[in-house]
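Trainee: Got a structure for you, written out below as C-alpha cells; questions coming shortly.
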There are 2 protein chains.
Amino acid sequence: MIQKQGRVLSFSSRPVLLSGAAIGGKAEGQGPCANEFDRCYEDDYICCKTWEQAESALQKEALLTALKKADTNAQEVDYLFSGDLLDQCIASATAAKDLQIPMTGLYGACSTFALGLALSAVFVGCNAAKYALVAASSHFCSAEKQFRFPLEYGNQRQPTTQRTATAAGAVLVGNSKTGCCIDAALIGTIQDLGITDAANMGAAMAPAAADTIEKFLTQTQTSPVDYDCILTGDLGAVGSRLLCQILFQKGIDISAVHEDCGNLLFDAKKQDVHAGASGCGCSAALVSTLFRRRIENGLLQNVLFVGTGALMSPLSVQQGETIPGIAHAVLLSMKNNKLTK
Amino acid sequence: MIQKQGRVLSFSSRPVLLSGAAIGGKAEGQGPCANEFDRCYEDDYICCKTWEQAESALQKEALLTALKKADTNAQEVDYLFSGDLLDQCIASATAAKDLQIPMTGLYGACSTFALGLALSAVFVGCNAAKYALVAASSHFCSAEKQFRFPLEYGNQRQPTTQRTATAAGAVLVGNSKTGCCIDAALIGTIQDLGITDAANMGAAMAPAAADTIEKFLTQTQTSPVDYDCILTGDLGAVGSRLLCQILFQKGIDISAVHEDCGNLLFDAKKQDVHAGASGCGCSAALVSTLFRRRIENGLLQNVLFVGTGALMSPLSVQQGETIPGIAHAVLLSMKNNKLTK
C-alpha cells in the first residue's frame, strides 16, 4: 500500500535495500570513504579506451556487484532505474545493454539516485516489481570534458566548484523482513533563483534542497530533531552553508543533523577539491554503502536523504540561461530492528 | 491494483487520458496531421530567441493546453513525467519551471512519451497520484544542431534519415469512468545489433520494437489480430519495413495493423522528409491527439503504442559506438464504451 500525506508517499510495505555496491576511481580511493567502495580503480580509464566507456564500466560493475551481493541475477530483476550526467544518459544505456533488464532512463542530474530510489519504492510498494535495481554514475574526466573544459587545458577551477566524483552506486530494492528500508519519498519541484554561474552549482541547488526538506517536514509534521541525519547530495561546502541559511531563515534549524555527500567523499584539505564532491555517482555510492550500512548497524536510526540536481546543460550555460535546481527526498530507516521504532 | 503477467503490467483501474494537447512547428502545420495540433507556429522560433527556448515553449504550451482542456490547473497535478532529446533534458526542465509540479525527468530518446505513459499509469494505478502529466518534445533545429550539423551548413541528408518533429505532446492522466485509457504497459530492454550509422536510426530501433512487441504478445497470449493498431513511434519508412521483416521471420505478421507515427506526421512525397519523422515530440503529439481521439470516437478499439528510442549521443556516434535501441509498449483502449469489450 502506498499512502499520500500531502505529496509525501509512504510505503507501508517498506521496500528494503537488499544490497548495495559502489565502485570508484583513483581520487575516491584516496579519500576518507575509500573503504566504503567495493573497488576503487587506480587508473580512471577503468581499463577502457574512453572516459565515457569508463563511466559506463563503473556503473555496470556497481550493478553486477549489487546483484552478486544479493545472490541474485539480472533475469530476476523486474526494473532498472538509472541515469547519469552525460548527454543522452549514454553511460547508463551502455551499462544496461548486456543486463537485459527493463530500463527506465532517468535524468535528474545529481538528484538521479534519489529519484530512482523513490520510483523503485513505488514499483516495489505496489507490487509492480519484485526486484528493482537503482543506479547512477558520474566520472570526473567525462564530466569536465562535457561541462567545462578538456582536462588537457589544465584550466583553473574556482573556489566554488565541486569535483565530479568518479563513482557509481547501485542498490537492489525488494521486499524483505529486515534491512535498511525506504519509508517515504517526496519528488521535488524545480526551483530557480536565477543563478547563472555553472561553477557554483551548490548555490543553484540549495534552494531546491531547502524547498523539498521544508515540504517533507511540513507534510509529515516532523522537525529536524526527528531525524538522525538529513543527508543532501551533493551541495558541497558552499551549497550546504546556503541550505542551512535558507532553512534557518524559515525557522528550521538542520545544522545539528545535516550532512552532505559532497562534503564526505573527499578530504577537502588534502585533496584540493575546492567546494567538495558532486556528480550523480557521489551520493549513489555513499548511500548504497556507507549510509545503508550505518542504518543496518544501528549507528543511524533514520536518514532523510535529499538528492539535489542542477538541471543545466553546457549549451544552456553558454546561452546565459539560469540553472534550475531540483531535489528529491527519500526517508531511509531500519526495518524490524528493536533499536528503531 | 496493478497485476503482472510476465513483465506486462495490467492496470485494473484503467487510468484515463483525461485530456491531450499537441503544439507544432511550421512543417507540422503543413503536413497531413496539421488539424490534430492545437496550434502550429509559422516561425519555428516560437517567439523565442533560441531553438532550445523554442522547444521548451512548445512543451510548456502543450502542458498548459492539456491542463486547460481538462479544466484543471498545475496545483492539482501530483506528478509530471517528461523528457526530450536535448542534452541534460533542458527543454523539459525549463518547461516545468513555472508549473511547480513534482517532476520526474525521463530519458528514453523517442520512447520517452511511451515510458512516461507507463509510469503515469503505475502512479495513478496504485493511487500514488490522482493526476499525472506526461509530456515530451523535440525540435528540428535544436536536434539538427546538436546531433548532426548546424542548419546553416545546409548539409545533405541521407535517404535513411528522419526529420525531427518540431512538436510537443502532453496528456493528463487520472481516474475517470470513461475515456481512452491505459490498460497495460511493458517497459522494454535495450537491444543493440551493432548499428553505428546515426543517419539510420530506424535500423537501430527496429530490433527493440520487435523485441518489445514479441514479448507483449507472448506474455499477454495475444496476436496481431487482437489489435486494431500496433503503433510504433518513430521508426520511419526504413525502420518500419525492418520491424515487419524481423517479426515476420519470427512468425508474427503485424503488417495489416502496423502504423508508425514517423510515417504519419509528414507527407513524405511533398515534404522532402526522407524516411519520415522522428523525435520525442512526434509520437507524443500524435498519441495525445489523433490516436486518443480515434479511440474515443470508436474508430479504433485498441492501440498497442510502442515508443522506440535510439539511445545514442553525438559523442558516442563520433567515438564509433553502436546505437542501443529501446522500446516501451502501452496498450490504449476505450473504457466503458459499448463498442469495446
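Trainee: Long-range amide H contacts for A:F266: which residues qualify at under 5 Å (H placed 1.01 Å from N, peptide plane, sequence gap of 5 or more or a different chain)?
Mentor: Answer set, sorted by chain and number: A:A277.
Trainee: Using modelled amide H (1.01 Å from N, peptide plane; none on Pro or chain starts), what sits under 5 Å from the amide H of A:K250, excluding residues fewer than 5 places away?
Mentor: For A:K250, no residues qualify.
Trainee: Suppose you put the label 7 Å out from Cα in the Cβ direction; list, shortest first and in nm with one decimal, how far B:T222 is from each other copy's label.
Mentor: 4.2
Trainee: What fraction, in whole percent, of alpha-carbon pairs in the range A:2-174 exceed 26 Å separation?
Mentor: 30 percent
Trainee: Apply the a/c threshold of 1.5 to the C-alpha gyration tensor of the range A:256-299 and tell me whether it is rounded, prolate or oblate.
Mentor: It comes out prolate by the Cα gyration axes.
Trainee: Please check: in the Gaussian network model of chain B (C-alpha springs, under 10 Å), which one of B:L119, B:L315, B:L86 has the largest mean-square fluctuation.
Mentor: Result for chain B, Cα springs under 10 Å: B:L315 fluctuates most.
Trainee: What net charge do the residues around B:I295 carry, taking every other residue with its C-beta under 10 Å from that of B:I295, with Lys and Arg at +1 and Asp and Glu at -1?
Mentor: +2
Trainee: Shifting gears a bit: Bin by bin, in steps of 5 Å, what percent of the Cα pairs in the range A:180-334 do you find, going until the bin that has the longest distance?
Mentor: Reading upward from the zero bin: 2, 10, 19, 23, 20, 14, 7, 3, 1, 0.
Trainee: Next question, about the same structure. Once the label point is placed 7 Å from Cα along Cβ, list for B:K69 the distances to the corresponding points in the other copies, in nm, shortest first.
Mentor: 4.7
Trainee: Run through the range A:158-245 and list the trypsin sites (Lys or Arg not before Pro) located in a DSSP loop whose Cβ has at most 16 other Cβ atoms within 10 Å.
Mentor: Here the sparse-neighbourhood loop sites are A:K177.
Trainee: Determine ³J(HN,Hα), in whole Hz, for all residues of the range B:106-121 in sequence, where each value follows from phi through the Karplus function 6.51 cos²θ - 1.76 cosθ + 1.60 and θ = phi - 60°; x replaces Gly and Pro.
Mentor: The phi angles translate into 10, 10, x, 6, 6, 8, 4, 5, 5, 4, x, 4, 4, 5, 5, 5 Hz.
Trainee: For chain A, what is Rg from Cα atoms divided by 2.2 N^0.38 Å, rounded to two decimals?
Mentor: Ratio of Rg to 2.2 N^0.38 Å for chain A: 0.90.
Trainee: Over what distance in Å are the Cα centres of the range B:146-167 and the range A:127-178 separated?
Mentor: 32 Å
Trainee: Right, here's the next one. Tell me, what HN-Hα J-couplings in whole Hz come from the Karplus equation 6.51 cos²θ - 1.76 cosθ + 1.60 at θ = phi - 60° for each residue of the range B:321-330, using x for Gly and Pro?
Mentor: With the stated coefficients, the range B:321-330 comes to 6, 6, 9, x, x, 9, 9, 10, 10, 9 Hz.
Trainee: Could you give me the ³J(HN,Hα) list for the range A:144-161, computed from phi with Karplus coefficients 6.51, -1.76, 1.60 and θ = phi - 60°, whole Hz, x at Gly and Pro?
Mentor: 4, 4, 7, 8, 10, 10, x, 4, 4, 5, x, 5, 6, 9, 6, x, 7, 6
Trainee: Considering only the other residues whose Cβ falls under 10 Å of the Cβ of A:P15, what net charge follows from Lys and Arg at +1 and Asp and Glu at -1?
Mentor: Neighbourhood net charge equals +1.
Trainee: Based solely on its DSSP helices, what 222 nm [θ] is calculated for chain B when runs of n ≥ 4 H residues each add -39,500 (n - 2.57) and the sum is averaged over all residues, nearest 500 deg cm²/dmol?
Mentor: Helix contribution divided over all residues of chain B: -9500 deg cm²/dmol.
Trainee: May I ask for the net charge around A:L286, where only other residues with Cβ less than 11 Å from the Cβ of A:L286 are counted and Lys, Arg are +1 while Asp, Glu are -1?
Mentor: With Lys, Arg at +1 and Asp, Glu at -1, the net is -2.
Trainee: Taking just the alpha carbons, could you work out the radius of gyration and Dmax for the protein assembly as shown, both in angstroms?
Mentor: Calculated on Cα positions, Rg and Dmax stand at 23.1, 72 Å.
Trainee: Over the range B:52-146, calculate the relative contact order: mean separation of alpha carbon pairs under 8 Å at least 6 apart, over the residue count, as a percent.
Mentor: Relative contact order comes out at 38 percent.
Trainee: Next question, about the same structure. Under unit Cβ charges (Lys, Arg +1; Asp, Glu -1), what dipole magnitude, rounded to 20 debye, does the range B:111-261 have relative to its Cα centre?
Mentor: About 340 debye.
Trainee: Okay, moving on. Peptides A:283-292, B:178-187: what's the order by average Cβ count within 10 Å, highest mean first?
Mentor: Result, highest mean first: A:283-292, B:178-187.
Trainee: Return the whole-Å distance between the Cα centroid of the range A:293-335 and the Cα centroid of the range B:286-334.
Mentor: Here the answer is 30 Å between Cα centres.
Trainee: Can you tell which of A:F147, A:A54, A:V134 lies farthest toward the positive end of the dipole of the range A:15-152, using +1 and -1 charges on the Cβ of basic and acidic side chains (Lys, Arg; Asp, Glu)?
Mentor: Among A:F147, A:A54, A:V134, the one farthest towards the positive end of the dipole of the range A:15-152 is A:V134.
Trainee: Kindly rank B:266-277, A:248-259, B:47-58 from highest to lowest mean number of other beta carbons found within 10 Å of each residue.
Mentor: Final packing ranking: B:47-58, B:266-277, A:248-259.
Trainee: Out of residues 5 or more away from B:T164 or on other chains, whose amide H comes under 5 Å of its own, with H placed 1.01 Å from N in the peptide plane?
Mentor: B:S278
Trainee: Which one of B:A118, B:A34, B:V8 has its Cα pushed farthest toward the positive end of the charge dipole of the range B:2-174, where Lys and Arg give +1 and Asp and Glu give -1 at the Cβ?
Mentor: Final value for the positive-end residue is B:V8.
Every read-out reported here was derived from the displayed coordinates using simple, explicitly stated rules and does not represent laboratory data. All of these numbers come straight from a predicted model, not from anything done at the bench. Cβ sites come from the backbone with ideal geometry, for glycine too, and all protein chains shown count toward neighbours.
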